[in-house]
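Colleague: Below: one structure in structure tokens.
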Amino acid sequence: MQRGHELRAALHDDLRELVEGRRMSARDARILAAARRRFESSASEPPRVLSFSSAIRALADAVADEIPSGLLFDLGAASGSSRVEGQWVVGSAISHIGLVECHDGAIAIVRARPRCATELLAEFAL
Amino acid sequence: MRGTPRLDAWRIELGAATKPVRSMLAMLNEIDWFVPPDTGSIAAAVALFDRYWALLEPWADDTMYPRRALELDVEFGGLDQFRAMCANVRRPNAYDWRYGPPKLAERIHGIVHGFDEQDLLPFAAPNIAPNAALFIALNGSCIWRTPAPELRLPRDDTDGNARDVRQWFLNNASVDVMHGVRWQFVEPHASLGCNPFATLLECYARGGYPIILAPARVCLFFFDR
């Protein structure tokens, strides 16, 4: 796993660019940044399990903090990119921004619209 | 416009709330979306919207205006007018009703009734039955399935959002329904008529599409063609 603070800084820059480029809402960016912080702290505590499911747990907790009764949705299988083809995406039913576990083991932030190729937006964890 | 159901409403299990939740999901599957309302449905939809608001009000905070202070305009039009009206709430930094009072009301309603998200987990289904599960559990979190039927809509770039505005609206309606499911789960024996989100769903079924433009300004949109 890449050093946490380096990746968090890179993610912070990526999220800012995505918001400025109107490819992601400020709300989504706040949630993902908070999820990344939670994910990183879960890595420093036993049982130190760093997995897609712990990333989703961090995302769920960040959503709950940001949005009262916020929900996470099954966005279906990623498509159109060999790095994530067929992988399960979990995220927002409105923005279609979510997380996916790549075939190389990394976790990526994507936009997964129905019947559209999944767009890889940023790295969440390597 | 009717879509292909994603969920088999009659196979959903949610404990004591199974029957009303199935009814709600069946209603969702049966809605003819984005078509002009039947005779009599306009008045019914306005009344249902009023009731939705009244049912939410006791549970929301003071950012929610009382119905008497609300300016409600009934608008009619086609897809272009609907797109233009929705653009008012889709642009960045627009007032976003859905992230305010409805979600807060659902949360407070849950807290008052002792709801804990973990209570749902026994009803999570394995992902081998994708059309018979409202959600699956992953590491203690519920991952919800989009319940709204799938409409075959063209890509639409006219407003820069890439998705057809109807799909956007339907995605929001899906989230409303999931809040309705959770509301019913914590009060399983209450009538669906007491569930604000089920009432909103009925408003959709009558052809009324509320677009909350500002805290005290609502457009109830009806297709006229």
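Colleague: Read through the list (1) at the interface with chain A (Cβ under 10 Å from one of its Cβ atoms); (2) assigned to a helix (DSSP H, G or I); (3) modelled with pLDDT under 95, then give the number of the only condition that B:ALA148 fails.
Modeller: (2)
Colleague: Residues in region B:81-99: is at least one outside any helix (DSSP H, G or I), touching a strand residue (DSSP E or B) at 6+ places or on another chain (Cβ under 7 Å) and open to solvent by less than 40 Å² (accessible area, probe 1.4 Å)?
Modeller: Taking every residue of region B:81-99 in turn, none turns out to be outside any helix (DSSP H, G or I), touching a strand residue (DSSP E or B) at 6+ places or on another chain (Cβ under 7 Å) and open to solvent by less than 40 Å² (accessible area, probe 1.4 Å).
Colleague: Taking the condition of being closer than 21 Å to B:VAL165 by Cα and away from chain A (no Cβ under 12 Å), how many residues in region B:56-113 meet it?
Modeller: Residues meeting the conditions: 18.
Colleague: Please determine whether any residue of region A:90-98 is outside any strand (DSSP E or B), at pLDDT 90 or above and over 24 Å from A:ALA10 (Cα atoms).
Modeller: yes
Colleague: Quick check on region A:108-117. Is at least one of its residues open to solvent by 50 Å² or more (accessible area, probe 1.4 Å), out of contact with any strand residue (DSSP E or B) (no Cβ under 6 Å at 6 or more places or on another chain), at positive phi and within 12 Å of another protein chain (Cβ to nearest Cβ)?
Modeller: Taking region A:108-117 as the starting set, the residues that turn out to be open to solvent by 50 Å² or more (accessible area, probe 1.4 Å) are A:114-115, A:117.
Cutting the leftovers down to out of contact with any strand residue (DSSP E or B) (no Cβ under 6 Å at 6 or more places or on another chain) gives us A:114-115, A:117.
From what's left, at positive phi: A:115.
Filter again for within 12 Å of another protein chain (Cβ to nearest Cβ), leaving A:115.
The answer is yes; a qualifying residue exists.
Colleague: Suppose we filter region A:56-81 for residues that are facing chain B (nearest Cβ under 8 Å) and among the β-branched types (Val, Ile, Thr); how many remain?
Modeller: 2
Colleague: Continuing with this model, one more query. Any idea how many residues of region B:117-128 are of a type in the set (D, E, K, R) and within 12 Å of another protein chain (Cβ to nearest Cβ)?
Modeller: Kept after step one, since they are of a type in the set (D, E, K, R), are these residues of region B:117-128: B:117, B:119.
Next, only the ones that are within 12 Å of another protein chain (Cβ to nearest Cβ) stay: B:117.
Going through region B:117-128 one residue at a time, the tally reaches 1.
Colleague: Within 14 Å of chain A (Cβ to nearest Cβ) and over 18 Å from the mean Cα position of the chain (by Cα) - does that describe any residue in region B:43-51?
Modeller: For region B:43-51, residues within 14 Å of chain A (Cβ to nearest Cβ) and over 18 Å from the mean Cα position of the chain (by Cα): absent.
Colleague: Please specify each residue of region B:15-59 satisfying the condition of being aliphatic (A, V, I, L, M) and surrounded by fewer than 21 Cβ atoms within 10 Å (Cβ to Cβ).
Modeller: Just the residues of region B:15-59 that are aliphatic (A, V, I, L, M), to begin with: B:16-17, B:21, B:24-28, B:31, B:35, B:42-48, B:54-56.
Within region B:15-59, B:ALA16, B:ALA26, B:MET27, B:VAL35, B:ILE42, B:ALA43, B:ALA44, B:VAL46, B:ALA47, B:ALA54, B:LEU55 meet the criteria.
The values are calculated or read from the model by the stated rules, or taken from the named source; none is laboratory data. Note that the coordinates shown come from a computational prediction; the quantities given were computed from them, not determined experimentally. As a convention, Cβ positions derive from the backbone with ideal geometry for all residues, glycine included, and neighbour counts pool all protein chains shown. Ligands, DNA and RNA are excluded from the accessible area calculation, which covers all protein heavy atoms including side chains. Shrake-Rupley method; radii C 1.70, N 1.55, O 1.52, S 1.80 Å.
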